[in-house]
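Enquirer: Supplied in structure tokens, the structure appears directly below.
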Amino acid sequence: MITPDKTVRTTCPYCGVGCQMQLQVKDDYIYAVEAPFDAAPNYGMLCVKGRFGTDYVKHPGRVKTPLIRANMEEGRSAKPVWREATWDEALDFVADNLARIAQESGGDAIASYASAKATNEDNYIFQKVMRALIRTNNVDHCARLCHAGSVTGLQLSIGSSAMSNSIAEMENLEAFIVTGSNTTETHPVISNFLKKAVRKNGAKLIVVDPRRIEMTDFSTVWLRQNPGTDVAVFQAMAHVVVKEKLYDEEFIAERTEGFNDYLESLEEFTPEWAETVSGVPADDIRAAARIYAKAERASIYWGMGISQSTHGTDNTLSLVNLAMMCGHVGKAGTGVNPLRGQNNVQGCSDSGGLPNVFTAYQNVADPATKAKFEEFWGTELNPQPGLTATEMVTGALHGSVRGMFVLGENPMMSEPNQHHTRHSLEQLDFMVCQDIFINETGEMADVILPATSFAEKDGTFTNTDRRVQRCRTAVPPVGNSRADWDILCDLGRRIEQRLGLELTNGFDFSHPSEIWEEMRQLTPDFWGIDYDRLEREGGVHWPCPSFDHPGTPFLFADGFPRGRGKFWEVEYGTKSEQPDADYPFNLSTGRVLYHWSGSTMTGRSSLENVYPEATCEMHPDDARDLGLETGDWVTVASRRGEITLRLLVTERSLPKTIFVPFHFAEAAANLLTLDRVDDRAKIPDYKNTAVRIQKSSPPEGWDEGYEEPLLERGAIKDPVQIH
């Protein structure tokens, strides 16, 4: 029995649930992870990533000292040769180059990725460097690539893009919809609360998803739509609600606008029409509509299956229309709830990690807001919204973006059409990456600044239901790595000097609590939250406008931020790439339980031994037609590239649809995807890509002696057969 030297309470670094963890530390090593039973939001539960996926903190591949590329003259496409540098040399080099580009071409020639893995304080300082010193709003992060469709649709409808209701409400639901979310694998703890609502509370679950995810086992109705036909299904449900007069007239009259015009637009969206388009039986659509509309309180939860689409905004609008029509907003157990992906993707957005807003969505173009930040920081600010992540890549290709600062992100794995991304980033004059490992993007950088992991620094994360929680130092930094906020403050002072600026409130912080205090003073939604309160209460939901305010577990009790909720007419159609004779299969991408994002962390943890390689899910009918079986090597090709990986035959996917996880660099799904985006949200389409498949040989370098079949390895199982 090991006796820990100390036990440190902190917040999980993986998904957006924000589970509370107890890190058991011995000799500066995390040897066990437990969960406190009395702490929200997880109350003693942890998924496999939280419990067994933190050993990456001490992985030998961690970057331990600043690195500068020694072979820059060979170009960004050459394999990097690194030399170690002191912090002074590395930061001076970065400051010199960023200042040079800003002076030569203006601040908008520099683009930056904030980080959904970094703390609120890290991201606040990052966007402050870019806005107050570089004078650009070219700040974005991976939210653009996962929930931008949700954000845009929610802003248009109600004026707020955050998850409206809390995790704590889930186990007491009466009825709810889960769509575009493989909840048991992407948000496992949340899925347990939702399952509990069904098993113990008798809640009625409607699953709308093309894949046979585990949540379908708990559903009252499963609407298995053809990929890309979400709008048809939700509009048909709304049609049923109208025709059967199941809508909430009082709520519509008092809280919304545009309903009559929306009614007229629904006329053609009959369940029978939707059946011809989506493949979902008309009677099932009617059943689902009645369950949702007749419930006293009902909620909607969705993931990237809704937002990652050329019509992600329309998907979201159709869901919000349905919720407002039935009055299922503004009360406990209701709401419109996008499940945010990474641990601090909500907080990064809240902290100003988006191109059009300061903290808590204060618009950069609003004169009063701009003046407030200018007065506090003591410098002139740019009122023009910046580039989105996808636009930054295009800007690099065309030369309008010359420099790039990537904080804890990996656009080479996350951006669509990887060949296009690589070619674009190769054109940059200068690129700096700040991270804990050298990832696929870092290999193209001129400088690597070594940051600390979640277990080596203090700060706050904000989870998917807007709960601000503490992150605490448990072990010392590896090597000469430093906390992100500390690196950025040091860099900020150097850039400030080179550009001849002198901010009123600059970068002289000694602890993240001081950074949060500056954020709090500038952000009305945070006025009632400070570190002392977080220590006492464990976490607080924003908006929290004063210290005597309890926080806000659910939103919109008294109204919507835009005034009245607006119904939007939604047309059915798609700009997504469709299968054809040459590329007859549809590819959908997503996550699996044992990995996260580009597997920068999980791929360097013990979880890599459990799920060590990419797989391609295929329906048995298609496998039979192609003469394939589980364990075969296949090449999946689109018009942009091809990858080779092993096959997993399962009824989880529809016929003519395959699923490939996007975690594996050696079989990068985004080599295949298309950089076509939603016109309003600028989010790429990761759920619809036309591909072809054929049997192939193992990729070059594969260990030919390793023949153990996938299904006998203990982790990669057919979830239809094994629960």
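The values are calculated or read from the model by the stated rules, or taken from the named source; none is laboratory data. Please read all numbers here as calculations on a predicted model, not as lab measurements. Cβ atoms come from the backbone with ideal geometry, glycine included; neighbour counts cover every protein chain shown. The protein model used for the area step is the full one, side chains on, heavy atoms only, and it has no ligands, DNA or RNA in it. Shrake-Rupley method; radii C 1.70, N 1.55, O 1.52, S 1.80 Å.
Enquirer: Taking every DSSP beta bridge with both residues inside the chain, roughly what % is antiparallel (nearest 5)?
Expert: On the way: 41 of 84 bridges.
If I count the DSSP bridges inside the chain, around 50 percent turn out antiparallel.
Enquirer: Can you give the percent of C-alpha pairs in region 372-437 whose distance is more than 18 Å?
Expert: Cα-Cα pairs of region 372-437 separated by over 18 Å account for 47 percent.
Enquirer: Hey, what number do you get for the chain at 222 nm if only DSSP H runs of n ≥ 4 count, each worth -39500 (n - 2.57), divided across all residues, to the nearest 500? Let's see the in-between values first.
Expert: On the way: 24 runs with 215 residues, N = 723.
After summing the helix terms and dividing by residue count, I get -8500 deg cm²/dmol.
Enquirer: Along region 36-47, what does the Karplus equation 6.51 cos²θ - 1.76 cosθ + 1.60 (θ = phi - 60°) give for ³J(HN,Hα), rounded to whole Hz, x for Gly and Pro?
Expert: Calculated HN-Hα couplings, in order: x, 6, 9, 10, 6, x, 9, 6, x, 8, 9, 7 Hz.
Enquirer: Report the charge-dipole magnitude of the chain in Debye, nearest 20, computed about the Cα centre from +1 at each Lys and Arg Cβ and -1 at each Asp and Glu Cβ. List each step's numbers first, then the result.
Expert: Values: 71 positive and 102 negative charges, 189 e Å.
Using only the charged Cβ atoms, the result is roughly 900 debye.
Enquirer: With a cut-off of at most 12 other beta carbons within 10 Å, and DSSP calling the residue loop, which chymotrypsin sites (Phe, Trp or Tyr not before Pro) in region 512-617 qualify? Please list them.
Expert: Those satisfying the criteria are 547.
Enquirer: With every protein chain in place, what's the accessible area of residue 196 (1.4 Å probe, Å², nearest 10)?
Expert: Approximately 70 Å² of residue 196 is accessible to the 1.4 Å probe.
Enquirer: Would you tell me the accessible area of residue 692, worked out with a 1.4 angstrom probe on the heavy atoms of the protein chains, in Å² to the nearest 10?
Expert: The accessible area comes out at roughly 100 Å².
Enquirer: Mind checking region 621-709 for GluC sites (Glu not before Pro) that DSSP puts in a loop (not H, G, I, E or B) and that have at most 15 other Cβ atoms within 10 Å?
Expert: Hits after loop and neighbour filter: 629, 700, 704, 707.
Enquirer: Mind listing the phi-derived Karplus ³J(HN,Hα) values for region 581-588, rounded to whole Hz, using 6.51, -1.76 and 1.60 with θ = phi - 60°, and x for any glycine or proline?
Expert: 5, 7, 10, x, 10, 9, 9, 10
Enquirer: Viscosity 1.306 mPa s, temperature 10 °C: Stokes-Einstein D of region 448-510 from its Kirkwood Cα radius, in µm² per second?
Expert: On the way: Rh = 13.6 Å.
In µm²/s, the coefficient is 117.
Enquirer: Find the centroid of the Cα atoms in region 460-502 and in region 422-454, then give the distance between the two in whole Å.
Expert: 17
Enquirer: Still on this model: Using the Cα gyration tensor of region 129-227, with a ≥ b ≥ c the square roots of its eigenvalues, what is the shape: rounded (a/c below 1.5), prolate (a/b larger than b/c) or oblate (neither)?
Expert: Numbers: a/c = 2.56, a/b = 2.10, b/c = 1.21.
Cα axes put region 129-227 in the prolate bin.
Enquirer: Find which of 291, 352, 382 sits farthest along the positive direction of the dipole of region 279-425, computed with +1 on the beta-carbon of Lys and Arg, -1 on that of Asp and Glu, about the Cα centre.
Expert: Value: 291.
Enquirer: Roughly speaking, what is the centre-to-centre gap between region 1-26 and region 249-306 when only Cα atoms are used, to the nearest Å?
Expert: 43
Enquirer: Percent of accessible area on region 200-328 owned by carbon and sulfur, 1.4 Å probe?
Expert: Summing carbon and sulfur atoms, their accessible area is 42 percent of the total for region 200-328.
Enquirer: Could I ask something else about it? Only Lys, Arg, Asp and Glu count, each charged at its Cβ (+1, +1, -1, -1), so figure out the dipole size of region 474-528 about its Cα centre, rounded to 20 debye. It would help to have the intermediate numbers written out before the result.
Expert: Working: 5 positive and 10 negative charges, 42 e Å.
Dipole of region 474-528, to the nearest 20 debye: 200 debye.
Enquirer: Distance check, please: which entries in 331/372; 64/117; 457/682; 58/457; 6/128; 6/49 exceed 24 angstrom between their Cα atoms?
Expert: Those over the limit are 331/372; 457/682; 6/128.
Enquirer: Identify all aspartates and glutamates with a Cα-Cα distance to residue 79 below 15 Å; exclude those on the same chain that are fewer than 8 residues away in sequence.
Expert: Excluding near neighbours in sequence, the set is 426, 440, 443, 446.
Enquirer: When the Karplus curve 6.51 cos²θ - 1.76 cosθ + 1.60 is applied with θ = phi - 60°, which whole-Hz ³J(HN,Hα) does each residue of region 192-209 get, with x for Gly and Pro?
Expert: Values per residue, Gly and Pro as x: 5, 5, 5, 5, 4, 4, 6, 5, 9, 10, x, 5, 9, 9, 10, 9, 10, 6 Hz.
Enquirer: For volume of the Cα convex hull per residue in Å³, pick the label among [x] 156; [y] 200; [z] 176 that corresponds to the value derived from the coordinates.
Expert: [x]
Enquirer: Order the following by accessible area, largest value first: 187, 398. Probe radius 1.4 Å; ligands, DNA and RNA are ignored.
Expert: Result, largest first: 398, 187.
Enquirer: A further question follows. Compute the convex hull volume of the Cα atoms of region 441-567, divide it by the residue count, and report the result per residue in Å³ as a whole number.
Expert: Values: hull volume 25.4 nm³, N = 127.
It comes to 200 Å³ per residue, whole-number rounded.
Enquirer: What number, in percent, do you get for the relative contact order of the chain if the mean sequence gap of Cα pairs under 8 Å and at least 6 apart is divided by its residue count? Each step should come with its number before you reach the end.
Expert: On the way: 1706 pairs, mean separation 139.6, N = 723.
In percent, rounded to a whole number, it is 19.
Enquirer: Moving to a separate point now. With a probe of 1.4 Å, find how much accessible area the chain has per residue, and write the answer as a whole number in Å².
Expert: About 35 Å² of surface per residue is accessible.
Enquirer: Something else now. Can you tell me the order of 335-345, 446-456 when each peptide is scored by its average per-residue count of other Cβ atoms within 10 angstrom, highest first?
Expert: Result, highest mean Cβ count within 10 Å first: 335-345, 446-456.
Enquirer: Here's a follow-up. If the rule is a partner Cβ under 4.7 Å, which cysteines in the chain fail it?
Expert: 15, 47, 142, 146, 326, 348, 433, 471, 489, 544, 616
Enquirer: Report Rg(Cα)/(2.2 N^0.38 Å) for region 312-468, keeping two decimals.
Expert: Ratio of Cα Rg to 2.2 N^0.38 Å: 1.25.
Enquirer: So what's the gap between the Cα centers of region 344-383 and region 190-204, to the nearest angstrom?
Expert: Each part's Cα centre sits 39 Å from the other's.
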